[in-house]
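Written below as structure tokens is the structure these notes are about.
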Amino acid sequence: MGKRASQPRESVWLSPRPARKHRAGESELDREKIVATAVRVLDAEGDAKFSMRLLAEELNVTPMSVYWYVANKDDLLELALDAVAGEIELPSIDDGNDWREDLRALARAWRRTMVAHPWAIRCYGEYLNIGPSSLRFTECAQAVMARSPLPLKDRSAALNVLFQYVYGFTATESRWLEHLAETGRTAEEFAAEVTGSMAAMSSTLEQGGLLERDGDQSIGELRDRDFDRGLNWLFTGMVAGG
């Protein structure tokens with residue numbers, strides 16, 4: 001007989017499990033503490049090295065004690081991802097700001113939080129982002145977009161385009177920063193190396209090229225500038241297309 005196909009995994013948010021009571025001798029352990037510790041371990045070790053055993057060691061409990069509160073590693077990563085989403089600073093949408101400025105604040109806050117947790121942006125491609133913190137972010141973005149001149153039928157598409165841009169920009173930036181940390185080089189050193197290598201390989205490459213700066217900008221300031229430029233172009237396109 002052939003092998004039985006494995007069942008597709010259900011998201012922790014689609015198949016919620018009741019909260020477990022404390023086990024005897026583990027009065028200080030609960031799911032909230034487990035998730036918070038998982039975020040710290042993921043930040044320190046990265047998702048590639050993360051394991052339930054490593055987490056249990058950090059908590060000073062047995063791996064089976066962790067499984068009493070969290071069914072499996074995938075569920076834990078989903079919970080940790082939503083915990084990170086809870087760190088995103090949401091703008092006060094009652095301050096009378098222009099809708100574009102509030103969307104810009106949301107985009108910047110999302111980018112800033114994901115860069116601080118490089119493993120989290122990779123998880124965004126693997127898991128549903130429908131936990132309570134993620135939903136608060138989505139509801140805030142929808143409330144801001146409701147103040148735009150876009151017709152109702154276009155608002156969802158506009159938000160999707162905006163945050164696909166933010167996701168792509170941040171994913172690339174996050175991986176680049178990880179690479180710098182792994183190699184021990186500064187952003188300026190790496191940029192100089194890349195620019196020199198590209199110039200050596202192409203006599204027709206425009207001077208400055210992809211790393212052209214305004215004045216004495218650092219690489220970090222250059223990334224911020226390009227990120228905001230992209231947002232401006234998207235906002236312009238939204239209004240023109242609407």
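Which of the residues belonging to segment 92-121 are in contact with a Lys or Arg (Cβ under 9 Å, 6 or more places away or on another chain) and within 15 Å of Val166 (Cβ to Cβ)?
Correct list: Asp102, Ile121.
Does segment 68-83 contain any residue that is surrounded by fewer than 20 Cβ atoms within 10 Å (Cβ to Cβ), in contact with an Asp or Glu (Cβ under 8 Å, 6 or more places away or on another chain) and not in a helix (DSSP H, G or I)?
no
With respect to Leu42, determine if the residue is touching a His at 6+ places or on another chain (Cβ under 9 Å), among the aliphatic types (A, V, I, L, M) and outside any helix (DSSP H, G or I). Steps first, answer last, please.
Working: touching a His at 6+ places or on another chain (Cβ under 9 Å): yes; among the aliphatic types (A, V, I, L, M): yes; outside any helix (DSSP H, G or I): no.
When the stated conditions are applied, Leu42 does not pass them.
Any idea which of (1) surrounded by 14 or more Cβ atoms within 10 Å (Cβ to Cβ); (2) of a type outside the set (Val, Ile, Thr); (3) at pLDDT 95 or above is the one Gln164 doesn't satisfy?
That leaves (1) as the condition not met.
Would you say Ser65 is of a type in the set (Gly, Ala, Ser) and outside any helix (DSSP H, G or I)? I'd like the intermediate steps shown before the answer.
Numbers: of a type in the set (Gly, Ala, Ser): yes; outside any helix (DSSP H, G or I): no.
Judged against the criteria, Ser65 is not a match.
I need a count of the residues in segment 120-155 that are among the aliphatic types (A, V, I, L, M) and assigned to a loop (DSSP other than H, G, I, E, B).
Counting residues in segment 120-155 that are among the aliphatic types (A, V, I, L, M) and assigned to a loop (DSSP other than H, G, I, E, B) gives 4.
Regarding Thr62, is this residue free of Cβ contacts under 8 Å to residues at least 40 places away in the same chain and open to solvent by less than 40 Å² (accessible area, probe 1.4 Å)? Reasoning before the result, please.
On the way: free of Cβ contacts under 8 Å to residues at least 40 places away in the same chain: yes; open to solvent by less than 40 Å² (accessible area, probe 1.4 Å): no.
It is false that Thr62 is free of Cβ contacts under 8 Å to residues at least 40 places away in the same chain and open to solvent by less than 40 Å² (accessible area, probe 1.4 Å).
Spot the failing condition for Arg108; the list is (1) open to solvent by 60 Å² or more (accessible area, probe 1.4 Å); (2) touching a helix residue (DSSP H, G or I) at 6+ places or on another chain (Cβ under 7 Å), and only one is missed.
The one condition Arg108 does not meet is (2).
Which condition does Ala171 not pass, out of (1) open to solvent by less than 40 Å² (accessible area, probe 1.4 Å); (2) hydrophobic (A, V, I, L, M, F, W, C); (3) touching a residue at least 24 places away in the same chain (Cβ under 8 Å); (4) within 30 Å of Gly96 (Cβ to Cβ), if it passes all the others?
(4)
Pull up segment 88-107, narrow it to residues that are in contact (Cβ under 8 Å) with a residue 40 or more places away in the chain and not aliphatic (A, V, I, L, M), then point me to the one that is nearest to Val39 (Cα to Cα). Please lay out each step first, then the result.
The initial filter retains those residues of segment 88-107 that are in contact (Cβ under 8 Å) with a residue 40 or more places away in the chain, namely 88, 90-91, 93, 99-100, 102-104, 107.
Narrowing the set further to residues that are not aliphatic (A, V, I, L, M) leaves 91, 99-100, 102, 104.
On the way: Pro91: 24, Trp99: 32, Arg100: 32, Asp102: 28, Arg104: 26 Å.
Result: Pro91.
The values are calculated or read from the model by the stated rules, or taken from the named source; none is laboratory data. These numbers come from a predicted model, not from an experiment. Neighbour counts run over all protein chains shown; Cβ positions are idealised from the backbone, glycine included. All accessible areas refer to the heavy atoms of the entire protein, side chains included, with ligands and DNA or RNA removed. Shrake-Rupley method; radii C 1.70, N 1.55, O 1.52, S 1.80 Å.
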